[in-house]
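Asks: This structure is in structure tokens; I'll ask about it shortly.
The values are calculated or read from the model by the stated rules, or taken from the named source; none is laboratory data. Everything numeric in this text was worked out from a predicted model, so none of it was measured. Please note: Cβ atoms are built from the backbone with ideal geometry, for glycine as well, and neighbour counts cover all protein chains shown.
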Amino acid sequence: MSASTEALIIEIIFCLGALIALGGIIGLVVTKNRHRTLRPAMAVIISGVGIVIIASLLNVLLFKTYDQTRVKKDDYYEITSLTSNMQASLASSQAANQPVTPAAKKASKNVTYLVKHIAQPVASRQDAQLAQRELTQHRHPNVNRVKAAYQRILNRYFKQIVQQPQRAQRLSHHAYQQATKINH
């Protein structure tokens, strides 16, 4: 099931619980005006509030927000790990005439490992290996080639996890900006 389907189900459960609680409140007012026992209406209110709490907990336990978009927690951690390793692999090579540091080489190997183990297509694995070779085998790597490979990897990744093409493109762009920003 995709993240958007699961999110929709959780929202429906949340709304259903809110409607049940609202119905219980209305029932409480009606039964109070008729001077009847309030217990059934209170039970309905508590049930509705319980459903709302369960839906809220499911939302918190299953999803995180990445660039104002709800994604599954597993996907969120994959995204942040991938972009932080991409950024670390580019960190030393973005300055002119600077050799790639051992930490950047290790980060490029981590990118290749992550791409391989998060079930990415063969083209993404090849792009990750191309970027790794560029960063590990050249004293002064072609950073534009590495960045282009990383952008293709991110584009494919977000096409897999997000159903709407515009949202996938926006998230991919945001992740690419995070991966290529220079920390000073």
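Asks: When you go through 107, 128 one by one, which is the residue that is within 28 Å of residue 63 (Cβ to Cβ) and touching a residue at least 24 places away in the same chain (Cβ under 8 Å)? Can you show your working first?
Replies: Working: 107 fails: touching a residue at least 24 places away in the same chain (Cβ under 8 Å).
Of 107, 128, the one residue that is within 28 Å of residue 63 (Cβ to Cβ) and touching a residue at least 24 places away in the same chain (Cβ under 8 Å) is 128.
Asks: Sort out which residues of the stretch 139-184 are exposed (fewer than 14 other Cβ atoms within 10 Å of the Cβ) and part of a loop (DSSP other than H, G, I, E, B), and write them in order of number.
Replies: 139, 140, 142, 163, 164, 181, 182, 183, 184
Asks: Restricting attention to the stretch 83-103, report how many residues are surrounded by fewer than 23 Cβ atoms within 10 Å (Cβ to Cβ), modelled with pLDDT of 85 or more and small (Gly, Ala, Ser).
Replies: Residues flagged as surrounded by fewer than 23 Cβ atoms within 10 Å (Cβ to Cβ), modelled with pLDDT of 85 or more and small (Gly, Ala, Ser) within the stretch 83-103 amount to 3.
Asks: Do we have residue 18 as out of contact with any Asp or Glu (no Cβ under 7 Å at 6 or more places or on another chain), outside the structural domain of residue 106 (by TED's automatic domain parsing), at pLDDT below 90 and surrounded by 15 or more Cβ atoms within 10 Å (Cβ to Cβ) here? Spell out how you get there, then give the answer.
Replies: Details: out of contact with any Asp or Glu (no Cβ under 7 Å at 6 or more places or on another chain): yes; outside the structural domain of residue 106 (by TED's automatic domain parsing): yes; at pLDDT below 90: no; surrounded by 15 or more Cβ atoms within 10 Å (Cβ to Cβ): yes.
The answer is no for residue 18.
Asks: Further question: Of all residues in the stretch 169-184, which are at pLDDT 90 or above and either closer than 21 Å to residue 5 by Cβ or among the hydroxyl-bearing types (Ser, Thr, Tyr) (or both)?
Replies: 169, 170, 171, 172, 176
Asks: Give me the residue from the stretch 46-82 that is surrounded by 19 or more Cβ atoms within 10 Å (Cβ to Cβ) and out of contact with any Phe, Trp or Tyr (no Cβ under 9 Å at 6 or more places or on another chain) and, out of that set, nearest to residue 140 (Cα to Cα).
Replies: Selected residue: 69.
Asks: Could you say whether any residue in the stretch 131-143 is under 23 Å from the mean Cα position of the chain (by Cα) and charged (D, E, K, R)?
Replies: At the first step, the residues of the stretch 131-143 found to be under 23 Å from the mean Cα position of the chain (by Cα) are none.
No: zero hits.
Asks: Given the options 83, 101, 37, name the one that is under 13 Å from the mean Cα position of the chain (by Cα) and of a type outside the set (Lys, Arg). Talk me through it step by step, then tell me what you get.
Replies: Numbers: 101 fails: under 13 Å from the mean Cα position of the chain (by Cα); 37 fails: under 13 Å from the mean Cα position of the chain (by Cα).
Checking each option against the conditions leaves just 83.
Asks: Follow-up question, since we're still on this one. From the set of residues in the stretch 132-184 that are of a type in the set (Lys, Arg) and out of contact with any Asp or Glu (no Cβ under 8 Å at 6 or more places or on another chain), which is farthest from residue 69 (Cα to Cα)? I'd like the intermediate steps shown before the answer.
Replies: Filtering the stretch 132-184 for residues of a type in the set (Lys, Arg) gives 133, 139, 145, 147, 152, 156, 159, 167, 170, 181.
Next, from what is left, pick out any that are out of contact with any Asp or Glu (no Cβ under 8 Å at 6 or more places or on another chain): 133, 139, 147, 156, 159, 167, 181.
Details: 133: 33, 139: 39, 147: 24, 156: 17, 159: 14, 167: 8, 181: 21 Å.
Here the residue is 139.
Asks: Exactly one of (1) surrounded by 13 or more Cβ atoms within 10 Å (Cβ to Cβ); (2) on the phi > 0 side of the Ramachandran plot is unmet by residue 112. Its number?
Replies: With respect to (1) surrounded by 13 or more Cβ atoms within 10 Å (Cβ to Cβ); (2) on the phi > 0 side of the Ramachandran plot, residue 112 is out only on (2).
Asks: Which of (1) at pLDDT 90 or above; (2) of a type in the set (S, T, N, Q); (3) under 11 Å from the mean Cα position of the chain (by Cα) does residue 68 not meet, given it meets every other one?
Replies: (1) is the only condition that residue 68 fails.
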